[in-house]
Amino acid sequence: MESAITQMSPHHILQDSLPQEGDKTIYRKDRFAALKHRITAAEQGQTARLSCDIPAFDSALGGGLGFGRVHLVSHTAIPQGKPADSLLPSMINGAVSGFVLALLRKVMMLYPDRPVIWCAPPHAGMTGSLSAEGLRQIGINPAQLIFVHESHPARCMSAFEEALQTDGLAAVVGEYGMLSRQSDLWQRWARRTRRAARMSGTIGMLLGPPAPVCGFETGWHISPYAAPLCTRTVVENYDWRPSWQASLHYAKSGRPASAAIKWDWVSARFLPLERSVNRLVQPPVGQLSDPQINSQANGPSQQPAYTIR
Amino acid sequence: MDVSLHDRIGASSSVDAGAKPASTAREILCVFLPFLPTTRLIRQQGWPADTPVGLYHHTQQTDRLLFVSQTAQRAGLYPGLSVADARTYCISAQFHAVELDKDRACLLALAYWCRRYTPLVGIDETGCGLWLDLTGASHLFGGYDAVQTDIITKLSDAGLDVCSAIAPTYGAAWALAHYHDAASSGVIAPIRRAALSDCLSLLPVAALRLSAADEAILIQTGLRQIGDVFAMRRAALSMRLTADFLLQLDQLLGDVAEPLQPVIERQPVYVVQHWVEPLAGLEGLTQMVADLLAELSDKLMKKEQVARWFEIGWQRVDGSCARLHYHLSRPSNELALLMRLCADAAEKIDAEFGLSCSWVQAYGLTDTVSVTALLGTDTQTARAEKADQLLDILAAKFGPDKVQRLVPQDSWQAEQREQRTTLAQAVDKYSPHLDWQMPSPAQMLAPRPVRLLDPPEPIQAMALLPDNPPVMIRWRHHSWKVMRATGPERIGPSWWQIDRQKTRSRDYYRIETNEGARLWIYREGLPERGEESAWYLHGFFA
């Protein structure tokens, strides 16, 4: 976030720091007014929030995700009965990454000229590595992302902390992997990253398996939205827009919430998703078959013009 | 070598041609390296020396050649030719985008090397060449002809094609080096004005370093050689041509002095500390680095200079030395930044039995006063500076190869559409305007996964018919039922690649499993062609 001082021009800062001629009381009054202005601006900066577009989340978070804070996004825990070596984390990691990227897209709309630092191991193994084509389809310019590939998880998080200290970035994302299993180290990292984010005002997002959320601003559990059963396997008009079951299970100054949501690329907004809705879509007569095209044609703020049956 | 111009320029100049220049005359040596960019690229890529190479730049929506190698020139390629045409002229030629900044850096390095002959050395900003002002310095090496011989020999030994000339003016030296037939073995121009004008008169008008418009006018009017221009009245020339042309003409014969800008290398700023007792231990080394950097920063601030490269060096008690190097994208002298940049230096120092001496040195110095300082620094620039500084710190801390960005590639294959390149040597470390086009709504019809597996993982798939999408997949001993599938989307191999036989066409499917995970799988090999097919998992959708 912009601090109060950086928002002011150098001329104003210089003028504030110089003693003015004339009555001492007036001078003091001006100084107090300037200080008050700075404090107000700084407070506004600290409390600026990123709306999630979903009323349930926004009200639970008091307006949205806070800047200058670290948010923990993880996939849901492996359910009871599943083997420990389940490939479920790998399978749904795309969904978790997609949710973080959608949030990033919203941040990058606010700061289109700032880079994003993504700290991750170089070879993500079975979880795969981020693809530029996929980023573009979320709406993110891949050139805006700078990757720090460090194989050691502790060093990877060190890069995350270093980046988070820096003002001038849109956001910083870190993949922590199995680091969260070492509880003492994890708690120390939580404290350090929280302090770093507050210093710079940059939003931080951590991405990985379920981890203790204490010390972070919010904790999210993301899983892909499982659509209702369908009689046909091959479906041509299926809505492949990303959709998730998002659960805000921890909010430091809020309350938990949960919702099924989907991402609309054209308007760069999260949209609520009804559980009962079958997402098999049929394009209306005379319109293009792609719901993205239809939604663009109807304006970004409107729902896509397709029939739900 | 020592080409006698008397044969060429006739009896009028024979008196002066071999004579030593008078003490008042300047001795400008111009070195022209016509194939430097192509030679540099050939060496960089490790290609055979006789590879035909063309370097192109994108202009007017076409890739046009800017430099060609000697072999390519013999094959009929020339600057200005479009790359598409050039490919038909010479099939075996290699084409590459021109890297002007790297060529300039190479020239600059050569210019610093040439400072052994004279302190006044510069680079030709309009082409690939150097100039040396040998006035008052050539006698130290046995005369200007000996200097020329030495430079040509040494550069030729290094594998460069060299053309050079010595003349009393820079314009004349440039013209002779670029357009004289005997320039490859060195040309020495006469001093006297009349002889010099005779010597230059046979050269084409392009040797006057004209603008394209002036050159076109001269050729249209039938003035093809410099001698034709000398014969014209000045008033007639001034009516048709620009003032720059007349200035170049005057500078050619030395009637008007031509200012030349030599390259200046600043002496590095350094701080040295000798230790009476051997210094060891992390705490002591950390304090040592902090003290050295503080002193260096103080020195730089007093000199009003900023530096781009820093070296922390040390000598152990056994006499062995080692160094650490740090690089900044934007030069600076701020102590806080230097401390962050060199934060891990103490951990990297292997003191063994202790250090006897340590030093820190700053290179790449420039004055503090920059354009931004004069015009004011806006908030956006200040933020960009901070982002650049962070990338430097990350590169110094984790290694320059660890900081990367995605660069687009021209390919249909999903795994070849992007490349991760390091930011260490990139001039523009962060460029949001890199050549990434956002997808059109039509392109959104074929969604792509956010995560790709590299290489794709083999899976087992069960399909009702050979060309149907699977109804069940098995990956690493786990099975999933396919709830929905869309496809196929066929992506074929690049037919123009030599090793295309190794890759087969792929039919991609987007599937959704019973747990909601969305996957991108493909079948390699086409059943309708009777090919043996295999299934692979390639990526995960958001």
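The values are calculated or read from the model by the stated rules, or taken from the named source; none is laboratory data. Please read these numbers as outputs of a predicted model, since none were measured by experiment. Cβ atoms come from the backbone with ideal geometry, glycine included; neighbour counts cover every protein chain shown.
Quick notes on this one:
Per-residue answers, yes or no, for (1) surrounded by 12 or more Cβ atoms within 10 Å (Cβ to Cβ); (2) touching a Leu at 6+ places or on another chain (Cβ under 7 Å); (3) among the aromatic types (Phe, Trp, Tyr); (4) at pLDDT 90 or above:
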{"position": "B:Ala343", "(1), (2), (3), (4)": "yes, no, no, no"}
{"position": "B:Ser358", "(1), (2), (3), (4)": "yes, yes, no, yes"}
{"position": "B:Ala362", "(1), (2), (3), (4)": "yes, yes, no, yes"}
{"position": "B:Val369", "(1), (2), (3), (4)": "no, no, no, no"}
{"position": "B:Thr377", "(1), (2), (3), (4)": "yes, no, no, no"}
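- Restricting the range B:398-413 to residues that are in a helix (DSSP H, G or I) and more than 7 Å from chain A (Cβ to nearest Cβ) leaves a set whose member that is surrounded by the most Cβ atoms within 10 Å (Cβ to Cβ) is B:Pro400.
- Of the criteria (1) at pLDDT below 90; (2) outside the structural domain of B:Leu134 (by TED's automatic domain parsing); (3) crowded, with 17+ Cβ neighbours inside 10 Å, which one B:Gly54 fails: (1)
- B:Leu452 meets all of the listed conditions (1) away from chain A (no Cβ under 11 Å); (2) touching a residue at least 40 places away in the same chain (Cβ under 8 Å) but one, namely (1).
Each row is one residue, and each column tells you yes or no for (1) surrounded by 22 or more Cβ atoms within 10 Å (Cβ to Cβ); (2) out of contact with any Phe, Trp or Tyr (no Cβ under 7 Å at 6 or more places or on another chain); (3) at the interface with chain B (Cβ under 10 Å from one of its Cβ atoms).
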position: A:Asn93; (1), (2), (3): yes, no, yes
position: A:Phe99; (1), (2), (3): yes, no, yes
position: A:Leu104; (1), (2), (3): yes, yes, no
position: A:Gly128; (1), (2), (3): yes, no, yes
position: A:Gln137; (1), (2), (3): yes, no, yes
position: A:Val173; (1), (2), (3): yes, no, no
position: A:Met178; (1), (2), (3): no, yes, no
position: A:Arg181; (1), (2), (3): no, yes, no
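- Qualifying residue in the range B:530-540 (condition: at pLDDT 85 or above, in contact with a helix residue (DSSP H, G or I) (Cβ under 6 Å, 6 or more places away or on another chain) and in a strand (DSSP E or B)): yes
- Failed item, numbered, when A:Trp118 is tested on (1) part of a strand (DSSP E or B); (2) more than 27 Å from A:Leu179 (Cα to Cα): (2)
- The criterion of at least 1 residues that are surrounded by fewer than 18 Cβ atoms within 10 Å (Cβ to Cβ) and at negative phi is met by the following strands (runs of 3 or more DSSP E) wholly inside the range B:445-529: B:451-463, B:470-475, B:478-491, B:518-524.
- When the range B:307-330 is limited to residues that are farther than 22 Å from B:Leu423 by Cα and in contact with a Leu (Cβ under 7 Å, 6 or more places away or on another chain), the one that is surrounded by the most Cβ atoms within 10 Å (Cβ to Cβ) turns out to be B:Trp314.
- In the range A:63-83, residue surrounded by the most Cβ atoms within 10 Å (Cβ to Cβ) [restricted to those that are assigned to a strand (DSSP E or B) and either at pLDDT 90 or above or within 14 Å of the chain's Cα centre (by Cα) (or both)]: A:Val70
- Of all the criteria given as (1) modelled with pLDDT under 90; (2) assigned to a loop (DSSP other than H, G, I, E, B); (3) outside the structural domain of B:Leu155 (by TED's automatic domain parsing), the one not satisfied by B:Ala22 is (3).
- Single condition A:Ala163 does not satisfy, out of (1) surrounded by fewer than 20 Cβ atoms within 10 Å (Cβ to Cβ); (2) outside any loop (DSSP other than H, G, I, E, B); (3) touching a residue at least 40 places away in the same chain (Cβ under 8 Å): (1)
- B:Arg87 loosely packed, with under 13 Cβ neighbours inside 10 Å, among the basic types (Lys, Arg) and not assigned by TED's automatic domain parsing to the domain that holds B:Pro190: no
- Within the range B:238-251, the residues that satisfy the criterion of being within 20 Å of B:Trp174 (Cβ to Cβ) and touching a Phe, Trp or Tyr at 6+ places or on another chain (Cβ under 9 Å) are B:Leu249, B:Gln251.
- Under the condition of being touching a Cys at 6+ places or on another chain (Cβ under 6 Å) and within 18 Å of B:Ala146 (Cα to Cα), the residues counted in the range B:161-176 number 2.
- Residues in the range A:228-244 that are at the interface with chain B (Cβ under 7 Å from one of its Cβ atoms) and modelled with pLDDT of 70 or more: A:Tyr238, A:Trp240, A:Pro242.
- Residue list for the range B:166-195, restricted to those being over 32 Å from the mean Cα position of the chain (by Cα) and either outside any helix (DSSP H, G or I) or closer than 14 Å to B:Tyr144 by Cα (or both): B:Pro168, B:Ile188, B:Ala189, B:Pro190, B:Ile191, B:Arg192
- Filter result (more than 27 Å from B:Arg476 (Cβ to Cβ) and in contact with an Asp or Glu (Cβ under 7 Å, 6 or more places away or on another chain)) within the range A:143-182: A:Ala159
- Yes/no for A:Gln137 being assigned to a helix (DSSP H, G or I), out of contact with any helix residue (DSSP H, G or I) (no Cβ under 9 Å at 6 or more places or on another chain) and not β-branched (Val, Ile, Thr): no
- Scanning the range A:140-160 for residues that are in a helix (DSSP H, G or I) and more than 7 Å from chain B (Cβ to nearest Cβ) turns up A:Pro153, A:Ala154, A:Cys156, A:Met157, A:Ser158, A:Phe160.
- Sole residue being over 21 Å from B:Ala207 (Cα atoms) and among the acidic types (Asp, Glu), chosen from B:Glu258, B:Glu277: B:Glu277
- Residue within the range B:331-345 that is over 29 Å from B:Gln389 (Cα atoms) and without any contact (Cβ under 8 Å) to a residue 12 or more places away in the chain present: no
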